[in-house]
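FYI, it's all coordinate maths here, none of it is from the lab. Note that the structure is a prediction, hence the values are computed from the model and not measured. Please note: Cβ atoms are built from the backbone with ideal geometry, for glycine as well, and neighbour counts cover all protein chains shown.
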Amino acid sequence: MDFINEGPVINKDEQKFLFQHFFRGENSKGKSGFGLGLVFIYNIISQHQGFISYHTDHKNLNTFTVIFPIKSQLDKS
């Protein structure tokens, strides 16, 4: 599932810090926050054996992709 929004993108140098505590990118200057939201999201998704990633293909388009494993009803492990 992709979550897409328009706005300033996160530059390549900062993307490696995106899911770390208290990280605030240059694109968030002048906005309130503590840099914890994506850390919480990352941890919740990881607890469910999921994966989240960020990429941008356009000048003002941010895409977060979330993938969860599919478990069969028969798989009780």
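Figures for the structure shown
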| item | result |
| --- | --- |
| Distance (nanometres) between label positions extended 7 Å along Cα→Cβ at ILE41 and ASN60 | 2.0 nm |
| Full-stretch length increase - PHE3, ILE70 - with 0.36 nm per residue and alpha-carbon distance subtracted | 22.2 nm |
